[in-house]
Amino acid sequence: MLAGLSWPQLGGARDLLDIVGVNFYSNNQWIHGGPTIDIGHPLYRPFRAILAEVHARYGRPIFVAETGCEGDRRPAWLDYVASEVAAAIGMGVPVEGICLYPVLNHPGWDDGRDCPNGLIEHSADVSGRVPYPPLAAAITRAQARLTPLLAADQTFVAPAARTAATVG
(Lines give C-alpha, C1' and ligand atoms only; values in the text may rest on other atoms or scores of the structure.)
Protein backbone atom coordinates (compact mmCIF):
# COMPACT_ATOMS: atom_id res chain seq x y z
CA MET A 1 0.00 0.00 0.00
CA LEU A 2 2.83 2.39 0.84
CA ALA A 3 4.42 1.86 -2.58
CA GLY A 4 1.06 2.19 -4.36
CA LEU A 5 1.23 -1.39 -5.67
CA SER A 6 -2.07 -2.31 -4.06
CA TRP A 7 -4.93 0.04 -3.30
CA PRO A 8 -3.39 3.00 -5.17
CA GLN A 9 -6.44 5.07 -4.24
CA LEU A 10 -4.90 5.36 -0.76
CA GLY A 11 -2.17 7.59 -2.21
CA GLY A 12 0.83 5.28 -2.07
CA ALA A 13 3.68 5.77 -4.52
CA ARG A 14 6.92 3.91 -5.27
CA ASP A 15 9.03 6.91 -4.23
CA LEU A 16 7.57 6.72 -0.71
CA LEU A 17 9.21 3.35 -0.18
CA ASP A 18 12.97 3.72 0.29
CA ILE A 19 13.90 0.48 2.09
CA VAL A 20 12.05 -2.73 2.96
CA GLY A 21 12.43 -4.29 6.41
CA VAL A 22 12.27 -8.09 6.53
CA ASN A 23 11.84 -10.04 9.78
CA PHE A 24 13.20 -13.59 9.66
CA TYR A 25 13.14 -16.14 12.46
CA SER A 26 13.89 -19.84 12.68
CA ASN A 27 10.17 -20.63 12.95
CA ASN A 28 8.99 -18.41 10.05
CA GLN A 29 8.32 -21.29 7.68
CA TRP A 30 5.60 -23.81 8.40
CA ILE A 31 2.92 -25.97 6.87
CA HIS A 32 -0.51 -24.43 7.45
CA GLY A 33 -2.06 -26.34 10.31
CA GLY A 34 1.09 -28.42 10.64
CA PRO A 35 4.69 -28.37 11.76
CA THR A 36 7.42 -25.79 11.37
CA ILE A 37 9.62 -26.36 8.33
CA ASP A 38 13.22 -26.25 9.54
CA ILE A 39 16.49 -26.00 7.64
CA GLY A 40 17.11 -29.27 5.85
CA HIS A 41 13.41 -30.01 5.24
CA PRO A 42 12.66 -30.51 1.50
CA LEU A 43 10.13 -27.64 1.56
CA TYR A 44 12.44 -25.17 3.34
CA ARG A 45 13.16 -22.02 1.31
CA PRO A 46 16.66 -20.59 1.79
CA PHE A 47 16.63 -17.05 3.16
CA ARG A 48 18.57 -15.83 0.10
CA ALA A 49 15.61 -16.83 -2.09
CA ILE A 50 13.18 -14.95 0.14
CA LEU A 51 15.39 -11.85 0.07
CA ALA A 52 15.64 -12.05 -3.73
CA GLU A 53 11.85 -12.39 -4.01
CA VAL A 54 11.25 -9.36 -1.77
CA HIS A 55 13.74 -7.30 -3.76
CA ALA A 56 12.16 -8.38 -7.06
CA ARG A 57 8.72 -7.42 -5.74
CA TYR A 58 9.58 -3.97 -4.39
CA GLY A 59 12.81 -3.02 -6.19
CA ARG A 60 14.22 -1.42 -3.07
CA PRO A 61 17.14 -2.16 -0.74
CA ILE A 62 16.43 -4.54 2.11
CA PHE A 63 17.26 -4.41 5.79
CA VAL A 64 16.90 -7.54 7.93
CA ALA A 65 14.92 -5.72 10.62
CA GLU A 66 14.64 -8.61 13.08
CA THR A 67 16.26 -12.00 13.40
CA GLY A 68 17.24 -14.37 16.16
CA CYS A 69 16.31 -17.59 17.90
CA GLU A 70 16.42 -19.06 21.38
CA GLY A 71 18.94 -21.03 23.38
CA ASP A 72 22.13 -22.60 22.12
CA ARG A 73 20.96 -22.21 18.49
CA ARG A 74 21.55 -18.42 18.60
CA PRO A 75 25.08 -18.40 17.17
CA ALA A 76 24.36 -20.99 14.47
CA TRP A 77 21.23 -19.09 13.47
CA LEU A 78 23.10 -15.81 13.08
CA ASP A 79 25.84 -17.62 11.13
CA TYR A 80 23.13 -18.98 8.81
CA VAL A 81 21.46 -15.58 8.35
CA ALA A 82 24.81 -13.88 7.65
CA SER A 83 25.72 -16.61 5.15
CA GLU A 84 22.38 -16.23 3.38
CA VAL A 85 22.66 -12.43 3.33
CA ALA A 86 26.16 -12.78 1.82
CA ALA A 87 24.73 -15.13 -0.83
CA ALA A 88 21.86 -12.71 -1.56
CA ILE A 89 24.30 -9.81 -1.93
CA GLY A 90 26.32 -12.02 -4.29
CA MET A 91 23.14 -12.46 -6.35
CA GLY A 92 22.74 -8.68 -6.60
CA VAL A 93 20.21 -8.19 -3.80
CA PRO A 94 21.01 -4.92 -1.99
CA VAL A 95 20.87 -5.93 1.67
CA GLU A 96 21.85 -3.00 3.90
CA GLY A 97 22.27 -4.76 7.24
CA ILE A 98 21.03 -7.13 9.91
CA CYS A 99 19.46 -6.28 13.27
CA LEU A 100 19.65 -8.91 15.98
CA TYR A 101 16.43 -8.92 17.98
CA PRO A 102 16.15 -8.79 20.85
CA VAL A 103 19.49 -7.67 22.20
CA LEU A 104 18.56 -8.40 25.82
CA ASN A 105 17.14 -11.73 27.01
CA HIS A 106 13.77 -11.17 28.66
CA PRO A 107 10.87 -12.82 30.46
CA GLY A 108 8.25 -14.15 28.05
CA TRP A 109 5.57 -11.62 27.13
CA ASP A 110 2.68 -13.99 27.66
CA ASP A 111 4.02 -16.54 30.14
CA GLY A 112 6.95 -14.98 32.06
CA ARG A 113 9.32 -17.83 31.10
CA ASP A 114 12.99 -17.07 30.54
CA CYS A 115 13.61 -16.32 26.85
CA PRO A 116 17.33 -16.81 26.14
CA ASN A 117 17.24 -15.20 22.71
CA GLY A 118 19.42 -12.10 22.96
CA LEU A 119 23.06 -11.18 23.15
CA ILE A 120 22.86 -9.91 26.73
CA GLU A 121 21.78 -12.20 29.56
CA HIS A 122 18.71 -11.05 31.50
CA SER A 123 19.29 -10.06 35.11
CA ALA A 124 17.51 -7.74 37.51
CA ASP A 125 21.00 -6.75 38.66
CA VAL A 126 22.65 -4.67 35.93
CA SER A 127 26.07 -6.18 36.73
CA GLY A 128 24.61 -9.58 35.77
CA ARG A 129 23.76 -8.40 32.27
CA VAL A 130 26.71 -9.90 30.45
CA PRO A 131 27.10 -10.90 26.79
CA TYR A 132 26.52 -14.49 25.72
CA PRO A 133 30.04 -15.23 24.33
CA PRO A 134 29.03 -17.65 21.52
CA LEU A 135 26.60 -15.08 20.07
CA ALA A 136 29.13 -12.26 20.47
CA ALA A 137 31.56 -14.40 18.45
CA ALA A 138 28.89 -14.99 15.78
CA ILE A 139 28.35 -11.23 15.50
CA THR A 140 32.09 -10.77 14.97
CA ARG A 141 32.04 -13.47 12.26
CA ALA A 142 29.04 -11.81 10.56
CA GLN A 143 30.83 -8.46 10.53
CA ALA A 144 33.97 -10.00 9.05
CA ARG A 145 31.96 -11.81 6.39
CA LEU A 146 29.65 -8.96 5.36
CA THR A 147 31.80 -5.83 5.62
CA PRO A 148 33.84 -6.60 2.47
CA LEU A 149 30.61 -7.08 0.49
CA LEU A 150 29.33 -3.58 1.15
CA ALA A 151 30.23 -0.41 -0.72
CA ALA A 152 33.59 1.10 0.20
CA ASP A 153 31.90 3.92 2.13
CA GLN A 154 29.88 1.55 4.34
CA THR A 155 30.80 -0.54 7.35
CA PHE A 156 28.59 -3.37 8.54
CA VAL A 157 28.20 -2.89 12.29
CA ALA A 158 25.37 -4.75 13.93
CA PRO A 159 23.76 -2.70 16.73
CA ALA A 160 24.19 -5.65 19.08
CA ALA A 161 27.92 -5.71 18.41
CA ARG A 162 28.20 -2.09 19.52
CA THR A 163 26.36 -3.03 22.70
CA ALA A 164 28.69 -5.99 23.29
CA ALA A 165 31.69 -3.75 22.90
CA THR A 166 30.43 -1.34 25.53
CA VAL A 167 29.20 -4.01 27.95
CA GLY A 168 32.05 -6.53 27.58
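The values are calculated or read from the model by the stated rules, or taken from the named source; none is laboratory data. Being a predicted model, the structure only gives us computed values, none of them experimental. Neighbour counts run over all protein chains shown; Cβ positions are idealised from the backbone, glycine included.
Take the residues in the range 1-42 that are aliphatic (A, V, I, L, M), within 17 Å of the chain's Cα centre (by Cα) and assigned to a loop (DSSP other than H, G, I, E, B); name whichever of them is farthest from residue 89 (Cα to Cα).
Among those residues, the one meeting the criterion is 39.
With the requirement that a residue be at negative phi and within 13 Å of the chain's Cα centre (by Cα), what does the range 52-75 give you? First the steps, then the outcome.
Just the residues of the range 52-75 that are at negative phi, to begin with: 52-58, 60-67, 69-70, 72-75.
Hits for the range 52-75 are 62, 63, 64, 65, 66, 67, 69, 74, 75.
Condition (residue is modelled with pLDDT of 85 or more, polar (S, T, N, Q) and either under 23 Å from residue 62 (Cα atoms) or buried (at least 20 other Cβ atoms within 10 Å of the Cβ) (or both)) applied to the range 92-109: is it met by at least one residue?
no
Are any residues in the range 43-53 farther than 13 Å from residue 89 by Cα and either at pLDDT below 95 or among the hydrophobic types (A, V, I, L, M, F, W, C) (or both), and if so, which ones?
Passing the criteria: only 43.
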